[in-house]
Each structure stands twice: as structure tokens, then as C-alpha cells.
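The values are calculated or read from the model by the stated rules, or taken from the named source; none is laboratory data. Just so you know, these numbers come straight off a predicted model, no measurement behind them. All Cβ positions, glycine included, derive from the backbone under ideal geometry; neighbour counts span all protein chains shown. In case anyone asks, the SASA skips ligands and DNA or RNA and just uses the protein heavy atoms, side chains included. Shrake-Rupley method; radii C 1.70, N 1.55, O 1.52, S 1.80 Å.
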Amino acid sequence: MEKRANIYEGKAKILYTTDDQDLLIQYFKDDATAFNAKKKGTVDEKGIMNNAISTKVFEYLGQNGVPTHFVRKLSDREMLVKKVEIVKVEVIIRNRAAGSLCRNYGVTEGKTLTSPILEFCYKEDAFNDPLMNDYHITALGIATEQEIAKIKEITFKVNDLMKKFFLALKIELIDFKLEFGRYKGGIILADEVSPDTCRLWEVGTGVRLDKDRFRHDLGNIKEGYQEVLKRVTGS
Ligand code: ADP
Ligand code: UDP
């Protein structure tokens, strides 16, 4: 697979075209940002760990019938993916209260929710990724009703599968963010699934194994990612 032009550099990843127009190389960087890039830093080898963790999660989801952009892992920091047209919404599922749910609604961190909450945010850094609902999405032409229905269906399925996947590793899936894209007439899961995009707490101790260590200066940031990697790869 030939790596060609850098077509996009984001906060955590770079996308390159390839000799196949349907495929991109997704390169994982060590850069870390939080609070809409107001906080910036780097975590040594984060890109390598997130690429490996995302690979395992995408493989597992794919084996369980979830359509994803993942094709194969190419190297330590590179993954081959299907090139999609990203739907400009971030899809969040919350199983327990954390982060902005606590800030926005005065809920105590860690409160168990009686049912999962699905949130949509407009994927637009310039506007601080504001919360939006189905009506915003259709009225603004961001996605169709059918696409939203598909996205919700896949997202709840991913939640069920990922809760099981992590629980088997003694990790509780608190919340996570997904991105979807249009590919050959359908909707598929894109981007990454990693401790950058999920809150992962160790079962029993509640120890944070995710980007909250960076967000809130909890220390041993790299070790959190390493612990998830170790459990996910079984090594
Ligand atoms: P950001 O854009 O928020 O800074 P990243 O640094 O993670 O985020 O950049 C990766 C970008 O690539 C994101 O904007 C994401 O929506 C986009 N993306 C993820 N998967 C694909 C894909 N398969 N095809 C096209 N774009 C993708
Ligand atoms: N999330 C993400 N990217 C974003 C916003 C949120 O990956 O741009 C993830 C985040 O890691 C967490 C979940 O989505 O697992 C919910 O995040 P929240 O809204 O609580 O945001 P925060 O408190 O981090 O601002």
C-alpha cells in the first residue's frame, strides 16, 4: 500500500491518501488535547497504543457484525481504513455520569444511569461542539432521518458489545464517543476507539485508565493507556 498525500492533520491523527482512492492511511500521533484544545500536550507512545487498542476493538466489532472503516493495521502508528464522508456529529453514549454530563446537569460523577444516554454534538471545534438533537441534524441537513436511525442502531449495538468486551478485562465502560461516515451508500463506524475517546474505569477500584488522567492532571498518563493495551491484547 503506497502512502501518498497528507490530506488532513487533526489534533490526534493524520490522514494520508493511498494508491487506492477508496482507502486512507490513518496515522496516530502522540499529541493530546482536551477541553476543545484549550489544554495541549503529548503522551509518549500514545499513538502506538491507541492504534493497537483501536485495531483490537474494530476487529472485535467487525467480527460481531458492526460495519467499520477498519481494513488492517499497517504499522505501529498506521491503520488502513475505508475513506468515508464523515457525518458531522459526535455520537456519545453514557452508561455512568462523568465529564460534561456532571458539569451541565449537576449530576454526581459516577452516578449509575438507569438507561444509557445517547447524545449528539455538532462536530465543529469553532463552535465548541455544541449538543444537538435529531431535529437540528435533519433541519440543518447534516444527516437524514434514515441515517440518524442507522447511527443510533449501530451505536447501541456498539455499546452492548463494548461493555461486554471491557468487562471481561475488568474494565467498566463509563462513556464514549463515536464518529460515523458515509461509504458506498451506507453508514459505517469511523475514526478511533481508544482511551482518548472512551472513559474506562477499573472494576472494583474505579481507577481511571483513560484521557481523564491527562485532562485532570491525575499523573501516570502513559501507564493508564499501557494498562488498557495490556488487557486488550492479553500481553
Ligand atoms: P480532529 O479532526 O477532531 O482534530 P483527529 O486528529 O482524530 O481529530 O483527526 C482525524 C480526522 O479524520 C477526524 O476529523 C475524523 O472525523 C476523520 N476521519 C476518521 N476516520 C475517517 C475516514 N475513514 N475517512 C475520512 N475521514 C476520517
Ligand atoms: N469525547 C471525545 N471527543 C470529544 C468529546 C468527547 O472523544 O470531542 C469522549 C470523551 O472521551 C468521553 C465522552 O466522549 O469518553 C464524553 O465526553 P464529555 O462530553 O463528558 O466531554 P468532556 O468532559 O471530556 O469535555
(message) For Asp20, what accessible surface area do you get with a 1.4 Å probe? Give it in Å², rounded to 10.
(response) 60
(request) As a check on your grasp of the helix formula, calculate [θ] at 222 nm for the chain: sum -39500 (n - 2.57) over DSSP H runs of n ≥ 4, divide by the residue count, round to the nearest 500. (result) -9500 deg cm²/dmol
(request) Please build a GNM for the chain, connecting alpha carbons under 10 Å apart, and tell me which residue among Asp125, Asp31, Asp175 fluctuates the most. (result) Asp125
(request) For the stretch 130-144, take each phi angle, set θ = phi - 60°, evaluate the Karplus expression 6.51 cos²θ - 1.76 cosθ + 1.60, and give the result in whole Hz per residue in order, putting x for glycine and proline. (result) x, 4, 9, 10, 4, 5, 4, 5, 6, 5, 8, x, 7, 7, 8
(message) Using just the Cα positions, wrap the stretch 35-109 in a convex hull and report its mean projected area in square nanometres, one decimal place.
(response) 7.3
(message) Based on Cα coordinates alone, diagonalise the gyration tensor for the stretch 122-225, multiply each eigenvalue by 5, take square roots, and list the semi-axes in whole Å, largest first.
(response) 29, 17, 11
(request) Compute the projected area of the convex hull of the Cα atoms of the stretch 74-139, averaged over all viewing directions, and report it in nm² to one decimal place. (result) 7.2
(request) Set the Förster distance to 22 Å, then compute FRET efficiency between Asp217 and Glu45 from the Cβ-Cβ distance, nearest 0.05. (result) 0.70
(message) Test of understanding: what is the full-extension gain from Val203 to Asp134, defined as 0.36 nm times their sequence separation minus their Cα-Cα distance?
(response) 21.5 nm
(request) Tabulate in residue order the Karplus-calculated ³J(HN,Hα) for the stretch 182-187, using 6.51 cos²θ - 1.76 cosθ + 1.60 with θ = phi - 60°, rounded to whole Hz; enter x for Gly and Pro. (result) 8, 8, 6, x, x, 10
(message) If amide hydrogens are placed 1.01 Å from N in the peptide plane, which non-local residues have theirs closer than 5 Å to the one on Ala32?
(response) Gly41, Thr42, Val43
(message) Please compute the contact order of the chain in relative form: average sequence separation of alpha-carbon pairs under 8 Å and at least six residues apart, divided by the residue count, as a percent.
(response) 18
(request) Collect residues whose amide H, placed 1.01 Å from N in the peptide plane, falls under 5 Å from the amide H of Lys83; neighbours closer than 5 in sequence don't count. (result) Leu23, Leu24
(request) Report the one residue of Thr197, Ile151, Val207 whose Cα lies farthest in the direction of the positive end of the charge dipole of the stretch 102-235 (charges on C-beta: Lys and Arg +1, Asp and Glu -1; origin at the Cα centre). (result) Val207
(request) Please turn the phi angles of the stretch 4-12 into ³J(HN,Hα) values with the Karplus equation 6.51 cos²θ - 1.76 cosθ + 1.60 (θ = phi - 60°), one per residue in order, whole Hz, x for glycine and proline. (result) 10, 7, 6, 9, 7, 10, x, 6, 10
(message) Among Thr68, Thr33, Thr155, which one shows the highest mean-square fluctuation when the chain is modelled as a Gaussian network with alpha-carbon springs under 10 Å?
(response) Thr33
(message) Tell me the net charge near Lys111. Cut-off is 15 Å between Cβ atoms, Lys111 excluded, with +1 for each Lys or Arg and -1 for each Asp or Glu.
(response) +1
(request) Pop out the carbon and sulfur fraction of the accessible area of the chain as a percent, whole number, probe 1.4 Å. (result) 49
(message) If I build a Gaussian network model for the chain, linking alpha-carbon pairs within less than 10 angstrom, which residue out of Arg208, Arg182, Arg103 has the largest mean-square fluctuation?
(response) Arg103
(message) Take the residue pairs Lys56/Lys163; Lys123/Lys164; Lys3/Lys83; Lys73/Lys150; Lys29/Lys73 and return only those whose Cα atoms are more than 23 Å apart.
(response) Lys123/Lys164; Lys73/Lys150
(message) For the stretch 1-75, which GluC sites (Glu not before Pro) pass both filters: DSSP loop (anything but H, G, I, E, B) and at most 12 other C-beta atoms within 10 Å?
(response) Glu2
(message) Let me check I have the definition right: for the stretch 45-188, take the eigenvalues of the Cα gyration tensor, multiply each by 5, take square roots. What are those semi-axes in whole Å, largest first?
(response) 24, 22, 15
